[in-house]
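Right, one structure below, let's go through it.
The values are calculated or read from the model by the stated rules, or taken from the named source; none is laboratory data. The model shown is predicted, which means the values in this text are computed figures rather than measured ones. Backbone-built Cβ (ideal geometry, glycine too); neighbour counts: all protein chains shown. The protein model used for the area step is the full one, side chains on, heavy atoms only, and it has no ligands, DNA or RNA in it. Shrake-Rupley method; radii C 1.70, N 1.55, O 1.52, S 1.80 Å.
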Amino acid sequence: MFRKPGIVFVCVVVMAAFFSASAGAAEPSNAAQRQKEEKAADKKLKDLNRKMDELAAETRKATGETWAEMNRLYEEFKKQQEIASKDLEELRKSTNETWEKAKVNMDKAIENLSGLYERSKAKSKDKVETK
């Protein structure tokens, strides 16, 4: 009669240990995944910044409307880059509860920077083609 409650207790303890070990194992992979995504976002930001700086250097000789437009796009890019850097810091500091929102903000910031870069690239090609 006393054996059954003992068996139940042992089963509960074993199950609790198993599930807590499973949950603990999931957290590091989650943390590893987060770190991987943070590094990828940082790399994208650095890559876009490098490309934009190279493009700006190539188009410094532009004149008139092209120069004004390129300058405006470059200044907008730098403003968006500041926002993206702040978003990256928020992503790094985010908790499990705020991770998804921070990730969405980071993805949006990278998308905005990519769009500004592509518009700048297209504008610089217009300059080259019209010369």
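Values for this structure:
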{"read-out": "Subset of region 32-73 (residues that are open to solvent by 40 Å² or more (accessible area, probe 1.4 Å), farther than 28 Å from K103 by Cβ and in contact (Cβ under 8 Å) with a residue 40 or more places away in the chain)", "value": "E58, E69"}
{"read-out": "Selected residue (criterion: modelled with the lowest pLDDT) from residues of region 85-125 that are buried (at least 16 other Cβ atoms within 10 Å of the Cβ) and hydroxyl-bearing (S, T, Y)", "value": "S124"}
{"read-out": "Which listed residue is of a type outside the set (A, V, I, L, M) and open to solvent by 90 Å² or more (accessible area, probe 1.4 Å), from E76, E82", "value": "E82"}
